[in-house]
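Below is one structure, written out as structure tokens, with a few remarks after it.
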Amino acid sequence: MVGDAISHAVLPGIVIAFLWSGSRDSVTMLLGAGALGIISTFLIEFLTNKGNLQSDASIGVTFTWLFALGVILISAFTGQVDLDQECVLYGEIAYVPLDTIVLNSGVDIGPQAIYLLGAVLLMVIAFVWLGFNQLRITSFDPQYAISLGISATLWNYLLMAFVSFTTVASFESVGAILVVAFLIAPAATAYLLTKRLKTMIFIASITGILSAIGGHFLAISINGSIAGAMATVAGIIFGIAFVYVRSKTKGDAKITSRESIVA
Amino acid sequence: MWENAIDFFSFTDANVIYVVLGTIILGASAAVVGSFTFLRKRALIGDAIAHSILPGICIAFILGGTKNYAFLIIGAFISGWISILLVDYITKKSKLKEDTAIGLILSVFFGVGILLMTYIQQSGNAEQTGLNYFLFGKAASMVGQDVIVFSVISVILIITVFLFYKELQLISFDEAFAQSIGIRVKLISFILSSLTVLAVVTGIQAVGVVLMAALLITPFAAARYWSGYLPRILILAAIIGGFSGFSGTYISYIAPNMPTGPWVVMVLSVIALISIVFAPKKGIVSRWFKQRKYRRLIQDENILKAFFQIAESNESFGEPKSVAMIRKKRYYSDRLINRIFKRLKRQGFLKQSASGYYLSKFGQRKAARLVKLHRLWELYLTEYLRIAPDHVHEDADTIEHLITPELEKKLEEKLNYPKADPHNSQIPYDN
């Protein structure tokens with residue numbers, strides 16, 4: 001759920017970065033969003049730990065506040081900001097091929113979003129690869145991690161920074177709300193199907209790719225939003241996995257493990 | 001700007017009255033309903049509903065073919081309801097946690113909604129233009145009819161909460177207990193969910209999908225820092241919600257181009273942050289001061305005790321002690337010990353001589369009482385709870401600061417004014 005919150009809360013970061021640099025330069029926007037991602041994580045922790053607010057409420061208060069701030073900033077500088085609410089909320093992947101990078105020599109090397117998302121993908125893979133053990137330990141057992149000398153706080157903030165990067169990079173393609181579908185649905189599907197973290201990551205990636213391809217075809221067939229269709233397919237895949245797992249475990253005593261994934 | 005403000009408060013413009021009334025009513029009723037979802041630790045369910053009503057609206061539009069208001073609201077209500085059921089079902093029947101289920105349902109439903117919405121837009125139906133209001137809100141363009149609808153729904157919400165107040169309160173605080181005394185928990189949960197969906201469906205048209213969650217939870221989050229009594233918190237939450245609705249409308253009226261919904265949420269959040277930080281008793285600042293007060297009290301008492309114990313061990317009552325000696329008994333930093341010395345001197349418990357500090361008469365009595373409480377408690381633990389004598393010190397070290405004179409008397413009577421503690425140290429009585 002923190003993923004949902006962050007995807008909304010980064011909005012003011014994007015607007016400020018945009019006003020600062022005066023362009024839709026991806027790197028600046030990524031930095032602005034990353035900063036806001038960390039700030040909102042900090043705010044949530046602060047309200048929960050120091051303010052004695054229950055954690056779901058502090059998430060809700062934080063992200064609505066920051067989102068409202070973002071919308072207000074957009075309205076205040078409408079003349080200068082070439083962003084609109086609708087685009088931010090549900091993006092349109094169909095426009096992506098139009099926004100291409102043209103080199104000085106005049107050669108068109110393809111859509112900007114592909115390079116941006118590709119770079120973020122590589123960064124995420126590198127981050128998970130290098131920090132796999134730390135991430136695993138801090139996710140499952142923060143106390144044990146601390147006893148081993150791994151800072152749970154540091155890794156939590158790093159993870160949230162990466163959630164922010166991914167969110168922002170996906171922004172113009174799928175928008176702030178639907179990116180949550182891709183953060184949660186594949187992971188939830190995989191979580192139902194396996195108990196091993198590595199298998200889970202693998203299944204989640206496959207599910208994500210399948211939803212993207214399936215969504216694309218669905219959108220073309222009814223001539224609708226591609227991002228919306230991708231989220232729909234992700235939901236359908238989850239539904240199938242859910243029914244499959246239910247039918248398999250029916251009759252058995254319900255065995256649940258308490259550890260679970262917080263997206 | 002001043003002219004605008006005067007314009008605003010003269011309420012000559014009928015439209016302004018509608019918008020102001022509408023947002024106040026919405027803010028207040030959403031706050032009351034949201035309070036219960038907050039108490040049930042389901043603060044984010046409102047967010048899920050807000051996103052999930054979109055497919056319902058689109059399907060209602062496709063089926064009806066027109067922008068019939070009642071029809072759309074029914075569609076929204078049904079799909080909001082389905083989303084709650086699904087969240088509950090997934091949470092209950094799989095190992096996924098509730099927040100994961102909420103995130104999953106809200107984003108997938110929203111995706112379906114967007115897909116349907118773009119489909120409607122492609123279909124070229126001329127009536128589709130107003131559907132966007134459900135996404136981003138349209139507080140500033142409310143008309144008389146909207147206000148009537150809002151008022152009716154708000155009255156329904158508040159009356160229902162009023163009628164079922166006791167049951168709602170019970171299931172919010174202790175569902176198991178409510179069940180055990182024969183309250184139909186499922187029915188009441190159903191009613192609460194319906195109220196929430198209703199509040200969201202109406203509120204969303206004012207502030208939009210994303211900010212709806214704030215109208216439900218933020219007023220309560222702010223109000224609970226000011227009181228511990230639920231009816232008072234509810235009234236306060238309603239006032240905060242209404243006031244934010246009013247100020248948001250005002251700001252968007254006097255400043256051109258400013259959206260109403262986000263300003264409502266902005267005012268709400270600022271009130272909440274101020275409450276969380278500065279509220280008397282429960283705010284961060286006042287709790288910090290309280291903690292500091294207790295920390296100092298305990299430090300002071302520990303140092304007094306150290307004076308007494310040193311003096312007791314080598315029969316040197318009234319002789320000055322150095323920082324190093326105290327430090328051996330109670331490991332604080334030199335700076336802290338010096339600070340505590342000064343504090344205790346100011347309070348009259350310590351006196352200063354050329355070679356160090358020593359206990360005043362008054363200080364010695366207080367120290368003796370602490371040592372007595374410590375040892376009485378140790379004895380009590382060993383005699384009555386059968387705890388081994390070498391395990392009782394830690395516990396006594398904590399409790400000695402908290403024992404009241406009444407409890408002290410009871411302990412003395414119960415243990416029959418014992419002479420020594422389990423470690424054979426004398427118990428000093430004040431006579």
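Modelled with pLDDT of 85 or more and over 30 Å from A:L11 (Cα atoms): is that true of B:P320 in this structure? It is false that B:P320 is modelled with pLDDT of 85 or more and over 30 Å from A:L11 (Cα atoms). Determine whether B:A279 is within 23 Å of the chain's Cα centre (by Cα) and of a type outside the set (F, W, Y). Yes: the conditions hold for B:A279.
Looking across B:A396, B:A388, one residue alone is exposed (fewer than 15 other Cβ atoms within 10 Å of the Cβ) and either touching an Asp or Glu at 6+ places or on another chain (Cβ under 7 Å) or small (G, A, S) (or both). It is B:A388.
The number of residues in region B:347-365 being basic (K, R) and either touching a Lys or Arg at 6+ places or on another chain (Cβ under 8 Å) or buried (at least 22 other Cβ atoms within 10 Å of the Cβ) (or both) comes to 1. The set of residues from region B:58-78 being within 14 Å of chain A (Cβ to nearest Cβ) and of a type in the set (V, I, T) comprises B:I59, B:I62.
Restricting region B:226-272 to residues that are within 9 Å of chain A (Cβ to nearest Cβ) and more than 18 Å from A:W65 (Cα to Cα) leaves a set whose member that is modelled with the lowest pLDDT is B:N257.
Residues of region B:373-398 that are of a type in the set (K, R) and either under 16 Å from B:S425 (Cβ atoms) or at pLDDT below 85 (or both): B:R375 alone. Within region B:34-52, how many residues turn out to be part of a helix (DSSP H, G or I), within 30 Å of B:L115 (Cβ to Cβ) and of a type outside the set (D, E, K, R)? Result for region B:34-52: 9. Here the condition is being polar (S, T, N, Q) and within 14 Å of another protein chain (Cβ to nearest Cβ); of B:S286, B:S322, B:S313, B:S333, it holds for B:S286 alone. When region A:186-227 is filtered for residues that are more than 19 Å from B:V112 (Cβ to Cβ) and either touching a residue at least 40 places away in the same chain (Cβ under 8 Å) or surrounded by 16 or more Cβ atoms within 10 Å (Cβ to Cβ) (or both), the ones remaining, listed by number, are A:A187, A:A190, A:Y191, A:L192, A:L193, A:K195, A:L197, A:M200, A:I201, A:I203, A:A204. Here B:V209 meets each of (1) part of a helix (DSSP H, G or I); (2) within 13 Å of chain A (Cβ to nearest Cβ) with one exception, condition (1).
In region A:196-205 there is no residue matching the filter, namely being assigned to a helix (DSSP H, G or I), hydroxyl-bearing (S, T, Y) and either closer than 24 Å to A:S40 by Cα or within 14 Å of chain B (Cβ to nearest Cβ) (or both).
Scanning region A:157-180 turns up no residue that is under 17 Å from the mean Cα position of the chain (by Cα), at pLDDT 85 or above, within 13 Å of chain B (Cβ to nearest Cβ) and closer than 24 Å to B:K92 by Cα. Considering A:L135, A:L122, the condition of being farther than 21 Å from A:I177 by Cβ, surrounded by fewer than 16 Cβ atoms within 10 Å (Cβ to Cβ) and at pLDDT 80 or above is satisfied by A:L122 alone.
Within 23 Å of B:Y89 (Cβ to Cβ) and either at pLDDT 90 or above or hydroxyl-bearing (S, T, Y) (or both), is that true of B:S193? When the stated conditions are applied, B:S193 passes them.
Conditions tested, residue by residue: (1) surrounded by 19 or more Cβ atoms within 10 Å (Cβ to Cβ); (2) acidic (D, E); (3) under 27 Å from the mean Cα position of the chain (by Cα).
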| site | (1), (2), (3) |
| --- | --- |
| B:R40 | no, no, yes |
| B:I53 | yes, no, no |
| B:I57 | yes, no, no |
| B:G80 | yes, no, yes |
| B:I102 | yes, no, yes |
| B:L106 | yes, no, yes |
| B:L116 | yes, no, no |
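Candidates in region A:220-244 are the residues that are within 7 Å of another protein chain (Cβ to nearest Cβ) and more than 18 Å from the chain's Cα centre (by Cα); of these, the one that is modelled with the highest pLDDT is A:F242. Being of a type in the set (A, V, I, L, M) and surrounded by fewer than 24 Cβ atoms within 10 Å (Cβ to Cβ): is that true of B:I120 here? Yes; evaluated as a whole, the condition is true for this residue.
Exactly one residue among B:Y294, B:Y332 is of a type in the set (S, T, Y) and either loosely packed, with under 13 Cβ neighbours inside 10 Å or under 24 Å from B:G208 (Cβ atoms) (or both), and that residue is B:Y294.
The values are calculated or read from the model by the stated rules, or taken from the named source; none is laboratory data. Keep in mind that this is a model prediction, so the values were computed, not measured. So basically every Cβ, Gly included, is an ideal-geometry build from the backbone, and we count neighbours across all protein chains shown.
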